[in-house]
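Have a look at the structure below before the remarks.
The values are calculated or read from the model by the stated rules, or taken from the named source; none is laboratory data. Please read these numbers as outputs of a predicted model, since none were measured by experiment. In this analysis, Cβ positions are derived from the backbone assuming ideal geometry, glycine residues included, and neighbour counts consider all displayed protein chains. Surface areas here come from the heavy atoms of the whole protein model, side chains and all, with no ligands, DNA or RNA. Shrake-Rupley method; radii C 1.70, N 1.55, O 1.52, S 1.80 Å.
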Amino acid sequence: MKLKYQIALAFVAVALIVVPLLLRRRAPAFVREFFNTPTHPVNLAVFRVILLTLTVFFFFTLDVTWYSRMPPELLFPPSGLGWVSQHLPINEPLARAVSALFLACCVAGVVGLFTRTSLVLGVISGVYVLGLPQLYGKINHYHHLLWFMAILAASPCADVLSLDALRAARRRADSGATEPPGPSLAYSLPLRFVWLMMGAIYFSAGIWKAWTGGYRWAFSDNLRNIMYNKWIELGDWTPLFRLDQYPLLYKLSAAGSILFELSFIVLIFFPLLRKLAAAAGVGFHAMIYMAMRINFYTLAVCYTSFFDWDSLFRSAGARLFREKLSLAYDGSCQTCRRTVAALRTLDVLGRINYVDLSDPATLDAPELRRLTDEPAAHGLYVLRGGGELRAGLDAYRAVAARIPVLWPLLPLLYVLPSSLVAGRARRHAADRRAREVTADKHSGAFGAAYYGRHVRAVAFVGALLLYTYSLASVVKYNSWPMALYPTFEDIDEPQVSVITARAEFPSGQVVEINPFAETSGMAPERLMALLGKVIGVEDAQERRVRLNALWKLWARDNPALRDAVSVRFYKVVLSSLPERRHGPPISQELLAELRQDSPDSAAAGSRRVEP
């Protein structure tokens with residue numbers, strides 16, 4: 001590491017500790033409001049479901065087992081992971097086993113089953129599973145999936161809308177409480193750290209553009225050249241709208257990119273501007289995709305963390321169901337309390353009033369005076385506007401219709417025999433008579449100690465991630481599972497360097513090999529980076545070994561290549577200007593010629609070309 005980076009790193013490391021401590025009690029009002037505004041647990045729970053569902057989907061785009069079969073000679077471990085090739089086992093059985101664990105943890109996190117344990121194991125297994133493709137020459141930046149999982153693991157993200165919440169509701173009901181958790185800092189702070197990490201990602205990219213490229217990065221043909229280089233990497237792809245043909249527009253777009261990246265982390269501190277920042281971020285990623293097919297959807301989807309899902313659900317509930325239901329239950333019945341406590345952790349629309357008939361004060365309501373001891377026979381009653389009264393199976397149907405999570409069960413409730421519910425109702429009555437409770441109805445698990453414990457855990461994990469990313473940004477650390485995200489800071493020329501190959505067969509036929517057509521299991525940008533790593537190997541013998549491994553990879557997936565008697569690899573510099581794409585290359589250099597040792601020296605399907 002250069003001395004200037006060491007000095008900068010030391011300065012930033014000290015500043016990131018000292019400045020917050022000095023300003024801890026003197027922070028501006030907007031900073032205090034940012035960290036001290038509570039939110040509803042539904043907002044955090046919905047983000048948990050979305051993030052982990054996204055992670056499962058993303059996993060299936062990687063084809064991890066394909067990478068586990070890559071030749072070890074093509075390993076180019078990122079910074080700090082040089083020990084991988086010597087000590088980390090990389091094989092298909094292990095990759096499949098850890099992948100199964102990772103997927104199981106993510107699915108368990110989606111439904112909220114043993115959520116904290118599932119998320120911790122998911123982060124650990126994800127480092128291996130999602131990290132395998134990162135070992136072969138190109139770091140793709142989806143690190144935030146694991147970072148945000150780690151933040152969720154420290155948070156109470158499964159207090160509602162989860163199987164864990166249902167189990168916790170049962171315990172609360174046994175102590176006499178049915179109330180679900182309310183708004184708290186324990187639910188808002190995890191989302192705040194997600195926003196801060198996103199802001200740090202953008203800010204680091206913007207500051208490096210301004211520092212390295214300066215004025216020229218935006219107000220030159222740099223963005224156009226970046227687009228051209230990306231298009232040729234995608235196989236002569238061009239977008240529907242040719243931004244490159246409008247110099248003023250792409251220069252303003254480049255300047256706007258820097259402005260967005262530098263301002264995002266400031267805008268998120270102000271509620272109104274936060275919405276503007278989120279909208280701008282979604283538009284930012286959409287435009288990049290349309291112009292260059294750089295698909296950063298794994299980060300764009302995380303903008304769902306900005307939504308106030310509780311307000312959205314309640315607003316939707318008011319539109320779907322104009323009148324609220326009143327669910328009356330016998331609070332002295334343990335089974336009734338458990339049922340109501342479970343329902344309240346799932347009720348996101350807020351269109352049900354829950355009325356405890358064991359509380360004498362509730363019976364003063366006119367619509368409830370008609371109820372006597374009859375609830376003991378049915379357990380639950382539902383009252384609708386106009387005095388309509390439902391009990392038994394009809395009551396359960398009415399309640400399920402108001403809770404979206406239960407909608408898949410509605411058909412089952414219409415085919416269940418009423419006698420089954422009647423039998424359960426008799427058991428409820430017996431249960432009530434046997435279990436008269438004197439518990440405090442306002443007791444429960446959601447006290448100051450519970451919330452305080454989670455706030456401290458989230459603050460520690462979030463601050464650690466933010467601190468580590470800030471240091472990585474200073475030294476341009478690009479590794480796994482921590483890395484500076486892409487900056488695109490350099491001033492690009494409209495040209496790219498690739499490896500091409502010519503294979504000669506026993507018949508004398510010479511075939512041009514397209515690396516992008518032969519390496520089907522690797523994304524184009526990752527293959528381009530791998531070829532660049534091979535080109536950058538200075539030792540000629542080592543480069544030949546790696547080129548031989550590259551040929552073995554192609555021949556493994558394409559049996560037609562296995563009969564080649566010799567292969568020549570070239571470093572070719574191509575112009576990415578659209579009008580010169582199909583013209584002669586700028587330069588061409590022979591890297592190595594590999595010859596077949598003998599026609600029968602290797603088993604069929606695994607012949608190798610020897611240096």
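Taking Cα atoms, how many degrees apart are the long axis of helix 41-59 and the longest axis of the chain, rounded to 10 and kept between 0 and 90? Orientation of helix 41-59: about 30 degrees from the principal axis. The C-alpha radius of gyration of segment 290-349, expressed as a fraction of 2.2 N^0.38 Å, stands at 1.86.
Place a label point 7 angstrom from the Cα of residue 565 along the Cα-to-Cβ direction, then list the residues of segment 483-519 whose backbone nitrogen is under 15 Å away. In segment 483-519, the label zone of residue 565 (backbone N under 15 Å from the point 7 Å along Cα→Cβ) covers 503-511. Computed packing ranks the peptides 217-224, 183-190 as 183-190, 217-224, most packed first, by mean other Cβ atoms within 10 Å. Computed from Cα positions, the angle between helix 163-174 and the longest principal axis of the chain comes to roughly 20 degrees. Listed here are the pairs 476/533; 251/533; 275/324; 138/230; which of them are more than 21 Å apart at the Cα? Distance filter (> 21 Å) returns 251/533; 275/324. Derived scalar couplings between HN and Hα for segment 313-329 equal 5, 5, 5, 5, x, 5, 7, 6, 10, 5, 9, 7, 8, 10, 9, 9, 9 Hz in order, rounded to whole Hz, by the Karplus curve 6.51 cos²θ - 1.76 cosθ + 1.60 (θ = phi - 60°), x for Gly and Pro. Protection proxy ranking, highest mean first, for peptides 483-490, 305-312: 483-490, 305-312, where packing is the per-residue count of other beta-carbon atoms within 10 Å, averaged. Label-to-label distance for residue 415 and residue 175 is 4.0 nm, based on points extended 7 Å past Cα in the beta-carbon direction. Relative to its Kirkwood radius, the Cα radius of gyration of segment 279-320 gives an Rg/Rh of 1.19. Work out the charge dipole of the chain with +1 on the Cβ of Lys and Arg and -1 on the Cβ of Asp and Glu about the Cα centre, then indicate which of 511, 97, 160 is farthest towards its positive end. It is 160, whose Cα lies furthest towards the positive end.
The alpha carbon centroids of segment 111-173 and segment 482-516 are separated by 37 Å. Packing, taken as the mean count of other beta carbons within 10 Å per residue, orders the peptides 277-286, 247-256 from highest to lowest as 277-286, 247-256.
Entry note, segment 305-358: relative contact order of 49 percent, from Cα contacts under 8 Å with a spacing of 6+ residues.
Solvent exposure of residue 7, expressed as accessible area, is near 100 Å², computed with a probe of 1.4 Å over the protein chains only. Among 479, 85, the order of accessible area from largest down is 85, 479, computed with a 1.4 Å probe on protein heavy atoms. Once you divide the Cα radius of gyration of the chain by 2.2 N^0.38 Å, the number left is 1.21.
Taking 11 Å as the cut-off, the amide N atoms of segment 74-116 that come nearer than this to a point 7 Å along the Cα-to-beta-carbon line of residue 167 belong to 112-116. Of the accessible area of the chain, with the probe set at 1.4 angstrom, what percent is carbon plus sulfur? Here it works out to 61 percent. Taking label positions 7 Å along the Cα-Cβ direction at both residue 56 and residue 245, the computed distance is 4.4 nm, reported to one decimal. Each of 260, 457, 12 was scored by the projection of its Cα onto the charge dipole of the chain, and the greatest displacement toward the positive side belongs to 457; charges sit on the C-beta of Lys, Arg, Asp and Glu. If you bin all the Cα-Cα distances of segment 57-170 at 10 Å, starting from zero, the percentages per bin are 14, 41, 29, 13, 4, 0. Among 528, 290, 227, the sequence by solvent-accessible area, most first, with a 1.4 Å probe is 290, 528, 227.
A crude spin-label estimate for the pair residue 463 and residue 216, with each label 7 Å from Cα along the Cβ direction, gives 4.2 nm. In the chain, the calculated helix contribution to ellipticity at 222 nm averages -16500 deg cm²/dmol per residue, counting -39,500 (n - 2.57) for every DSSP H run with n ≥ 4.
Largest first, what is the accessible-area ranking of 215, 414, 297, 128 with a 1.4 Å probe? Numbers along the way, then the final one.
Working: 215 165, 414 145, 297 60, 128 35 Å².
So, going from the largest accessible area down, we get 215, 414, 297, 128.
Between the Cα long axis of helix 3-22 and the first principal axis of the chain there is an angle of about 10°, rounded to the nearest 10. Across every pair of non-identical alpha carbons in segment 129-271, the mean reciprocal distance, once inverted, gives a Kirkwood radius of 19.5 Å.
Note that the chain presents 47 Å² accessible area per residue, ligands and nucleic acids not counted, probe 1.4 Å.
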